[in-house]
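Enquirer: Submitted below is the structure of interest, expressed as structure tokens.
The values are calculated or read from the model by the stated rules, or taken from the named source; none is laboratory data. In this text the structure is predicted, and so the values were computed from the model without any measurement. Methodologically, a virtual Cβ is constructed for each residue, glycine included, from the backbone with ideal geometry; neighbour enumeration extends over all protein chains shown. All accessible areas refer to the heavy atoms of the entire protein, side chains included, with ligands and DNA or RNA removed. Shrake-Rupley method; radii C 1.70, N 1.55, O 1.52, S 1.80 Å.
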Amino acid sequence: MDVHHGDGVEEAFFYSEKVMTVSFHRHSPGFYPGSGDISAVGKGRGSYYNVNVPLKVGIDDGQYVPLFQKCLSLVFSVFGADVIVLQCGVDTLVEDPMESFCLTSKGIGECFQFLLQKEIPMLVLGGGGYNFPATAKCWTYLTSLALKESLDNEIPEHEYYEEYCPECALHSELPVLRRKNTNTQKEMDGIVEIIRGRSIYLPSHMVSGKLAVNFHIQEMFSTWMGAELHMDILGAGLLCNSCHLKYYHSFNGYFALL
């Protein structure tokens with residue numbers, strides 16, 4: 001769920017049928033990394049196990065959330081994931097200086113909850129996010145959803161309290177200058193139908209595998225986690241990016257970064 005295409009993961013599994021990769025990202029001329037067209041579906045045994053959802057500037061919760069749910073529902077209908085790797089890049093927030101998408105933390109949270117409801121072991125990662133107060137608030141909110149904890153909207157006083165002023169709220173109600181939404185509903189419906197049409201090429205008996213949602217491979221991973229753990233995760237079909245997080249713990253038999 002990053003504003004940038006998950007090109008590293010796509011390349012890593014482009015020829016593999018063992019991992020289904022799905023990336024929701026901005027795709028426009030000159031925008032980094034430039035890859036992620038909907039026509040890139042994998043090759044060889046990995047054909048149709050790579051799903052790209054290219055989006056334009058200005059998409060909001062009202063379009064993004066149902067598109068996310070529809071596309072992932074189609075993926076789950078043909079690919080029985082044993083584990084989900086979810087990269088929660090929040091450079092998609094309306095406040096982010098990338099000035100691309102117009103999502104809110106509640107919208108991102110809806111997408112996250114959709115996956116949580118699948119009750120599949122999940123590795124949750126950070127990612128992009130360049131408005132630091134907005135990023136911190138969104139990741140705090142997502143963590144509360146993962147832990148099934150309710151948080152007050154008012155941010156408690158602490159050392160960095162003034163960074164969240166003047167509203168000092170987890171979910172801001174202050175007006176934000178929104179960019180024009182250049183995505184049409186016809187385009188969104190077309191993306192869903194393309195993915196639906198391609199799903200018929202996958203074996204319907206597929207009941208196990210690994211699902212990776214827009215994450216990036218970084219060499220720093222092995223440095224943080226240690227070589228032995230790195231090999232364990234690779235053996236389980238998990239690879240993750242260098243997010244802004246510094247520790248891990250065992251979660252339902254899988255390693256999760258929180």
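Enquirer: Which residue pairs have Cβ atoms under 8 Å apart, sit 6 or more places apart or on different chains, and have a first residue in the range 1-29 that is acidic (Asp, Glu) and a second that is part of a helix (DSSP H, G or I) and surrounded by fewer than 22 Cβ atoms within 10 Å (Cβ to Cβ)?
Expert: GLU17/ARG45; GLU17/GLY46
Enquirer: If you scan the range 55-74, which residues turn out to be charged (D, E, K, R) and open to solvent by less than 10 Å² (accessible area, probe 1.4 Å)? Spell out the reasoning first.
Expert: Looking only at the range 55-74, we keep the residues that are charged (D, E, K, R), and these are 56, 60-61, 70.
Passing the criteria: none in range.
Enquirer: Turning to a different aspect of this structure: Take the residues in the range 129-172 that are small (Gly, Ala, Ser) and open to solvent by less than 80 Å² (accessible area, probe 1.4 Å), then tell me which one is farthest from HIS25 (Cα to Cα).
Expert: ALA169
Enquirer: While we're here: Report the residue count in the range 8-22 for those that are closer than 16 Å to VAL75 by Cβ and either in a helix (DSSP H, G or I) or touching a strand residue (DSSP E or B) at 6+ places or on another chain (Cβ under 6 Å) (or both). Even if it seems obvious, please write down each step before you answer.
Expert: So the first thing to find is which residues in the range 8-22 are closer than 16 Å to VAL75 by Cβ, and the list is 9-10, 13, 16-22.
Those left that are additionally either in a helix (DSSP H, G or I) or touching a strand residue (DSSP E or B) at 6+ places or on another chain (Cβ under 6 Å) (or both): 9-10, 13, 19-22.
Looking only at that region, the number is 7.
Enquirer: On to the next question. Pairs under 9 Å by beta carbon, first residue closer than 25 Å to GLY58 by Cα in the range 154-180, partner at pLDDT 95 or above and among the basic types (Lys, Arg), six or more apart or different chains?
Expert: TYR164/LYS137; ALA169/LYS137; LEU170/LYS137; HIS171/LYS106; HIS171/LYS137; SER172/LYS137
Enquirer: Among (1) buried (at least 22 other Cβ atoms within 10 Å of the Cβ); (2) under 19 Å from GLU173 (Cβ atoms), there is one condition CYS88 misses while meeting the rest; what is its number?
Expert: Only one criterion is unmet by CYS88, namely (2).
Enquirer: Could you tell me whether LEU177 is surrounded by 15 or more Cβ atoms within 10 Å (Cβ to Cβ), modelled with pLDDT under 95 and of a type in the set (A, V, I, L, M, F, W, C)?
Expert: Answer is no for this residue.
Enquirer: Just checking, which of LEU67, LEU86, LEU103, LEU93 is under 24 Å from VAL19 (Cβ atoms), of a type outside the set (Phe, Trp, Tyr) and more than 12 Å from the chain's Cα centre (by Cα)?
Expert: Result of the check over LEU67, LEU86, LEU103, LEU93: LEU67.
Enquirer: Inspect the range 181-191 for any residue being in contact (Cβ under 8 Å) with a residue 40 or more places away in the chain, open to solvent by 40 Å² or more (accessible area, probe 1.4 Å), in contact with a helix residue (DSSP H, G or I) (Cβ under 8 Å, 6 or more places away or on another chain) and assigned to a loop (DSSP other than H, G, I, E, B) and give the result as yes or no.
Expert: yes
Enquirer: Being open to solvent by less than 30 Å² (accessible area, probe 1.4 Å), under 16 Å from THR92 (Cα atoms), at pLDDT 95 or above and not in a strand (DSSP E or B) is true for just one of HIS25, HIS5. Which residue is that?
Expert: Among HIS25, HIS5, only HIS5 is open to solvent by less than 30 Å² (accessible area, probe 1.4 Å), under 16 Å from THR92 (Cα atoms), at pLDDT 95 or above and not in a strand (DSSP E or B).
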